[in-house]
Amino acid sequence: LFLVAETGFHRIYGYDDCKATADWLLAQTDVRPIVGIVCGSGMGGLADTLKNQVAFSYEDIPHFPQSTVHGHAGRLVFGTLKGRPCVCMQGRFHLYEGYPIQKITLPMRIFKLLGVETVILTNAAGGLNQDFKVGDVMIIKDHLNVPGFAGNNPLSGPNDERFGVRFPCMSDAYDRELQQMAMEIGQELGYGDFLREGVYCVLGGPSFETIAECRMLHRLGADAVGMSTVHEVLVARHCGMRVFALSLITNQAVMDYDSEEKANHEEVLQTGKQRAEQLERLVSTMVTRIEQNNNNDA
Ligand SMILES: O=P(O)(O)O[C@H]1O[C@H](CO)[C@@H](O)[C@H]1O
Ligand SMILES: Nc1nc2[nH]cnc2c(=O)[nH]1
């Protein structure tokens, strides 16, 4: 019964709710996705590259939250990428939208119950690493979960063993093989000049960081800062899906009191547009190889 318990004002969606939503979706499409993709701010074009689409507006999907942020269309798109069955969130949810953290990550559990094995997460982020430039693509190798330090973790609350263990390991959160694969594909596609790797730090937002905050995060080992992804990674790993994540560096975090730069969402969306095609090619090539990897394993 605790699965439908209330925490404070918010209903927790449990296994049965996630299953009901997954079954509702599966009843309306023949696509059986093995890869789930989440589009970051301004990167929704990725979803448009899926062929043979069956798309659902978030408002029509039982238990699904609604997108409220510009650059997040609010559609769940099923289809194929180079023949491989995928599902793609054209728009994600963020803490600052006011949703309880468990609701932000609900789609990851629905992905799992749809049959998804590998999740590819994308986001827009500010560059803290001084070697990074706007337009760089950072393969995420690790994260700093700042809201988690204060107890704001989507896995808080009763644990349902059908999803995963009470205390999941996170030292292997980002699949090393997939990171390697992305590097190789990036080199093959001629993206070596703007492909990086690094540590992503999540904050609650919606305000962008102060100069002192950027300096602090940089000293703590973060290469990029944003307001998403990490919560999804925690829930995806908890239920045993493989995770690959990347950040598009859409702006330079301001680290210097002499700087005239000001972070803003328009710049974030604009950079997304400029790199859209290359990101789409990188992700779709990865999807092709992920399938091959699984076949090789079999
Ligand atoms: O992380 P995504 O969804 O790409 O969005 C990023 O861009 C927005 C700020 O411009 C924030 O929501 C931040 O998290
Ligand atoms: N927190 C944060 N999120 C972002 N998303 C895109 N750019 C940024 C940034 O500079 N800071």
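The values are calculated or read from the model by the stated rules, or taken from the named source; none is laboratory data. Quantities reported herein were computed from a predicted structural model and do not represent experimental measurements. Every residue, glycine as well, gets a Cβ built from its backbone with ideal geometry; the counts of neighbours run over all protein chains shown.
Restricting attention to the range 180-199 and to residues that are out of contact with any Gly (no Cβ under 7 Å at 6 or more places or on another chain) and of a type in the set (A, V, I, L, M, F, W, C), the residue that is surrounded by the most Cβ atoms within 10 Å (Cβ to Cβ) turns out to be ALA182. Looking only at the range 25-44, residues that are of a type outside the set (S, T, N, Q), more than 16 Å from ligand 2 (Cβ to nearest atom) and surrounded by 17 or more Cβ atoms within 10 Å (Cβ to Cβ) come to 7 in all. In this structure, GLY83 does not qualify as more than 13 Å from ligand 1 (Cβ to nearest atom), touching a Pro at 6+ places or on another chain (Cβ under 7 Å) and either among the acidic types (Asp, Glu) or on the phi > 0 side of the Ramachandran plot (or both). SER284 falls short on exactly one of the conditions (1) away from ligand 1 (no atom under 12 Å from the Cβ); (2) closer than 23 Å to CYS169 by Cβ, and that condition is (2). Cβ separations smaller than 8 Å between residues 6+ apart or across chains give the following pairs from the range 81-110 residues that are over 19 Å from ARG237 (Cβ atoms) and touching a residue at least 60 places away in the same chain (Cβ under 8 Å) to residues that are among the hydrophobic types (A, V, I, L, M, F, W, C) and within 16 Å of ligand 2 (Cβ to nearest atom): HIS94/VAL69; HIS94/ILE104; HIS94/MET227; TYR96/MET227. Considered as a group, the residues in the range 47-106 that are among the hydroxyl-bearing types (Ser, Thr, Tyr) and modelled with pLDDT of 95 or more include one that is surrounded by the most Cβ atoms within 10 Å (Cβ to Cβ), and that residue is THR105.
Under the condition of being in contact with a Gly (Cβ under 6 Å, 6 or more places away or on another chain) and farther than 16 Å from GLN179 by Cβ, the residues counted in the range 203-247 number 4. Every listed requirement among (1) polar (S, T, N, Q); (2) more than 15 Å from ligand 1 (Cβ to nearest atom); (3) under 18 Å from the mean Cα position of the chain (by Cα) is met by SER57 save one, (3). So is GLU232 more than 10 Å from ligand 2 (Cβ to nearest atom), without any contact (Cβ under 8 Å) to a residue 12 or more places away in the chain and part of a helix (DSSP H, G or I) or not? No: the conditions fail for GLU232. Every condition in (1) more than 15 Å from ligand 2 (Cβ to nearest atom); (2) more than 26 Å from ASP160 (Cα to Cα) is met by ALA263 except one, and the failing one is (1). For the range 239-287, the tally of residues that are of a type in the set (Phe, Trp, Tyr) and either buried (at least 19 other Cβ atoms within 10 Å of the Cβ) or modelled with pLDDT under 95 (or both) stands at 1.
Considered as a group, the residues in the range 107-137 that are within 16 Å of ligand 1 (Cβ to nearest atom) and of a type in the set (Gly, Ala, Ser) include one that is surrounded by the most Cβ atoms within 10 Å (Cβ to Cβ), and that residue is ALA125.
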